[in-house]
1. Quick query: amide H of Thr316 versus all other amide H atoms, modeled in the peptide plane; which residues come in under 5 Å with a sequence gap of 5 or more or a different chain?
2. Quick check: at a probe of 1.4 Å, how many percent of the accessible area of region 413-470 sits on carbon and sulfur atoms?
3. Would you pull out the residues with amide H under 5 Å of Asn70's amide H, same chain only if 5 or more places away, H placed 1.01 Å from N?
4. Explain nothing, just compute: Karplus ³J(HN,Hα) = 6.51 cos²θ - 1.76 cosθ + 1.60, θ = phi - 60°, for every residue of region 81-89 in order, whole Hz, x for Gly and Pro.
5. Give the shape of region 16-74 as rounded, prolate or oblate, defined through the alpha-carbon gyration tensor: a ≥ b ≥ c are the square roots of its eigenvalues, a/c under 1.5 means rounded, and otherwise the shape is prolate if a/b is larger than b/c and oblate if not.
6. Name the residues whose placed amide hydrogens come within less than 5 Å of the amide hydrogen of Met306, ignoring near sequence neighbours (fewer than 5 apart) on the same chain.
7. Probe 1.4 Å, all protein chains in place: accessible area of Asp302 in Å², nearest 10?
8. At a 1.4 Å probe radius, which order do Thr185, Thr58 fall into by accessible area, largest first?
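The values are calculated or read from the model by the stated rules, or taken from the named source; none is laboratory data. Please read all numbers here as calculations on a predicted model, not as lab measurements. Methodologically, a virtual Cβ is constructed for each residue, glycine included, from the backbone with ideal geometry; neighbour enumeration extends over all protein chains shown. For the accessible areas, the whole protein counts, side chains as well, though only heavy atoms, and no ligand, DNA or RNA atoms are used. Shrake-Rupley method; radii C 1.70, N 1.55, O 1.52, S 1.80 Å.
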Amino acid sequence: GNIIQVQAAGNASYSEALEYRQSIYAAPAGVGDVTYTTYKYNLTNGSFVWLAVFDSETTGITGFKVDGNNGADGFGTATSGELGNSDVYPWYYGWYKRVVAPYYPSVNQLVIAPGPYWNQTINSNTDNGLNVLEKLNGTQPATVHRLYYLLWAGNIVENSTDGFPPNAENDYDFGYHYEDLMFHTVMDNFLRLAGDPEATGTPTTSPTFSPSAGPTGSPSSAPTRTPTSAPTGPPTFSPTYSPSSTPTGSPTMAPTTTPPPSPPSPPPITGSPTVYIPDDHDTPVPVTVHAFATHGSSIMADVPDMYDFTEGTNGTCFWDGGLDIFDCGNIIQVQAAGNASYSEALEYRQSIYAAPAGVGDVTYTTYKYNLTNGSFVWLAVFDSETTGITGFKVDGNNGADGFGTATSGELGNSDVYPWYYGWYKRVVAPYYPSVNQLVIAPGPYWNQTINSNTDNGLNVLEKLNGTQPATVHRLYYLLWAGNIVENSTDGFPPNAENDYDFGYHYEDLMFHTVMDNFLRLAGDPEATGTPTTSPTFSPSAGPTGSPSSAPTRTPTSAPTGPPTFSPTYSPSSTPTGSPTMAPTTTPPPSPPSPPPITGSPTVYIPDDHDTPVPVTVHAFATHGSSIMADVPDMYDFTEGTNGTCFWDGGLDIFDCGNIIQVQ
């Protein structure tokens, strides 16, 4: 049972029966440009829910089919119907199929797609797993980019309406009968926590969900809808589905003999489908940046007095950034193993999607995030599957023009994932917002080099040859600016002629806090193990002045796993207040700024109409228990992580059922 297939626009045929994937990554479905994945999620109550997601960028999805055999073998009832629109995204509609029979867990299928113009067809024989949705030609939306399918099973429960005492000879207990409203609740929970808006507008009048009753028995065919005209946007009317009668308790149809035995089960599935990020060592870049774009304000919550810098969403540098922070600064480049040269200056992307960096197999993206307090933080993420990242460089010019101080150092390991380490660079000068850079990478064997002239934006990290980890798959870089604040240590009253106010000076511990917040809320564990003794962060003081070169580390030997020792960085002294070095004249004027950047880099899912499949399935694998929180008496069915159908599913729910297809 549960053989799934899909149909794409321009294809009369459905795909082949689709392999179950148990992955957050989508694969081609074999029709049009449709991709899909499946994921079986273990709820906190020990039962399971199963998801299939279908996505199409341009072709469009026109049909979805579940096929195969159920285990009910003709006993009980198979019912179906349209649920109306979602209360979360009213352009999405739901369709259900429910198989309830004595002695078998119930089979519950929920399909969610932009609607409402679809025909649903099922077979009324409970042994037959057919459940088909096909889009009506010429109806809106013109192209369906996303379709979801959820499956769960209901426990066998006591049927209190059959007139027999529990466990009596003629007491037929049925799989749990979920009312239509329960399917609608699951639809709304799913769309709220894991779904994709995929909307070009909002209906002028949101349709409502008003079922008058739940159907009983099995309709010989599903209700159809014939639109009078195709709307130009999301529908503005309220379709209703009104079945003729309401079931009272569980269906009373029951066999007079014990159901026949099921066919032999296939070999058992090994492994446990627990919640994890499958297929590779690291979280995909879209998931990381999406999390950053969701939790950015929490990541930076402890950082005071941030400056709302401008630019940073396109080009290869900040021409000014506001108040002359930069003079074409923050040029970023990356180096891959086996390449002595760095990449070209990388274009800012403002996207959750990664693009090739031009060296090895390294990909990258950048994202400027608008915090709830109105200021900004800027992120670059670098990822490599096999080549490995060996160097990262920030270059260009700052606006400080030689005034003030540039300091740098290693922060030690993270308290969240102790195999990650942090390195900072801080530029503090009078009359300029401070420039604050944080690099996070698996460590600790990297050399950091900066230029002590505050006008020079150089900040380089290079991995020492032959050290662990052998391959660095992920590196993060965060940038923010600090407001110009009153310097209370210079002996001059505020706004006096010689009162030099400096960009905010963030202590080393603040950089460490941001590192931990980022890794906790958006980072990637990327770990093969846990250090036997977690290194600790114990800086003795913050540096003052600008070291002529960054401290280096020479390991005595390369560990075979995450390091087991605690490196420390012990600068010689602590600054008291803001640095006192100041110009005797007003800094020279900045060069002319480039044309202003239009638009606001607010939190959004960029680049396309829909959330990428990995983000959706990752959210499903995170919030599955919340999505299904209102659903009682779920049965912990087996199988569903590979193959094209459920051979049995436990207690003979299926006989190769839940075959899915897409059109």
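1. The list, which skips near neighbours in sequence, is Tyr348.
2. 41 percent
3. Placed amide hydrogens put Asn128, Gly129, Asp655 under 5 Å from Asn70.
4. Running phi through 6.51 cos²θ - 1.76 cosθ + 1.60 with θ = phi - 60° gives x, 8, 8, x, 8, 6, 7, 8, 10 Hz.
5. Note, shape of region 16-74 comes out oblate.
6. Amide H neighbours of Met306, under 5 Å, 5+ apart: Asn483.
7. Probe radius 1.4 Å; accessible area of Asp302 about 80 Å².
8. Result, largest first: Thr58, Thr185.
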